[in-house]
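S.K.: Below are the structure tokens for one structure; questions will follow.
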Amino acid sequence: MKFFTGLAFLLLSLNANAAFITFDESSLEGHGLQASRGWGGYNVTNVGLGLEVFGNYWVSLAPIDVATLSNSVLSFEFMTNNVGEINGIGFDNDGEIRTGGLVFDFGGTQKYGNQDFARSLSAGVWYNITIDLANYDLTGFNRMLFIADQDQENTNTDSNFRNLIVTTPTSLVDVPAPGTAMIFGLALAALSLTGRRKV
């Protein structure tokens, strides 16, 4: 049985390309009015594999390859130490958040944008989030947003992101389907292993 599990994992690995999103100061900037009128900022963490956004601040990562992302799965870990109005991630094409961007709200106190991944957030807990971007229209977007929004004075929030992985399926033509002879051979190997265990 281990053989078949290993084979299935190998076939899945051959049919997908995965890459980490790494953060670099040169590709990050405050996003529009939320950066100029808000307070707070951001820090690159974990040698570029993590990002902390804090205060009342939105960060933009640009440029992004939307053609690649639109058929991909985005997986990452998210955590907040202090739940804000909006804690989330999104996409946009300009510096104005009210002109048609796509925001995924993970469960802040203010319902904003897409609620597909919203939940009751607990401070200090890392959540695993997986977004199949093929289910959303990313047409026209050229930047990714990271959001820690808390407009109420004298209060702060933070949003921490780490280990962002983009997985893009490749063409199934690259890996030929097993033929009848190969399936028969695998079945014989499985029977042989089963027979040895019973002895």
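The values are calculated or read from the model by the stated rules, or taken from the named source; none is laboratory data. These numbers come from a predicted model, not from an experiment. Methodologically, a virtual Cβ is constructed for each residue, glycine included, from the backbone with ideal geometry; neighbour enumeration extends over all protein chains shown. Keep in mind that these areas ignore ligands, DNA and RNA; they rest on the heavy atoms of the full protein, side chains included. Shrake-Rupley method; radii C 1.70, N 1.55, O 1.52, S 1.80 Å.
S.K.: Mind listing whichever residues of region 103-121 are surrounded by 17 or more Cβ atoms within 10 Å (Cβ to Cβ) and more than 25 Å from Val66 (Cα to Cα)?
M.R.: Selection gives Gly107, Gly108, Leu121.
S.K.: Now, a different point. Could you figure out which of (1) touching a residue at least 60 places away in the same chain (Cβ under 8 Å); (2) open to solvent by less than 50 Å² (accessible area, probe 1.4 Å) isn't true of Gly124?
M.R.: (1)
S.K.: Scan region 97-107 and tell me whether some residue there is touching a helix residue (DSSP H, G or I) at 6+ places or on another chain (Cβ under 7 Å) and of a type in the set (A, V, I, L, M, F, W, C).
M.R.: There is at least one residue in region 97-107 that is touching a helix residue (DSSP H, G or I) at 6+ places or on another chain (Cβ under 7 Å) and of a type in the set (A, V, I, L, M, F, W, C).
S.K.: I've got another one for you. I need a count of the residues in region 127-143 that are on the phi > 0 side of the Ramachandran plot and open to solvent by 60 Å² or more (accessible area, probe 1.4 Å).
M.R.: Going through region 127-143 one residue at a time, the tally reaches 0.
S.K.: Mind listing whichever residues of region 80-102 are touching a residue at least 40 places away in the same chain (Cβ under 8 Å), aliphatic (A, V, I, L, M) and surrounded by fewer than 20 Cβ atoms within 10 Å (Cβ to Cβ)?
M.R.: Matches in region 80-102: Val83 only.
S.K.: Does region 42-62 hold any residues that are assigned to a strand (DSSP E or B) and open to solvent by less than 10 Å² (accessible area, probe 1.4 Å), and which are they?
M.R.: Gly50, Leu51, Val53, Gly55, Asn56, Trp58, Val59, Ser60
S.K.: Turning to a different aspect of this structure: Can you give me the number of residues within region 36-72 that are of a type in the set (Lys, Arg) and either modelled with pLDDT of 95 or more or under 14 Å from Asn87 (Cβ atoms) (or both)?
M.R.: The number of residues fulfilling the criteria is 0.
Okay, residues lined up against (1) assigned to a helix (DSSP H, G or I); (2) modelled with pLDDT of 95 or more; (3) of a type in the set (S, T, N, Q); (4) surrounded by fewer than 11 Cβ atoms within 10 Å (Cβ to Cβ):
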position	(1), (2), (3), (4)
Leu145	no, yes, no, no
Ala148	no, yes, no, no
Glu153	no, no, no, yes
Ala189	yes, no, no, no
Arg197	yes, no, no, yes
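S.K.: Can you list residue pairs whose Cβ atoms sit under 6 Å apart, with the first residue in region 23-47 being under 21 Å from Phe91 (Cβ atoms) and the second being modelled with pLDDT under 95 and acidic (Asp, Glu)? Count only pairs 6 or more apart in sequence or on different chains.
M.R.: Going by the 6 Å Cβ cut-off, the qualifying pairs are Gly32/Glu96.
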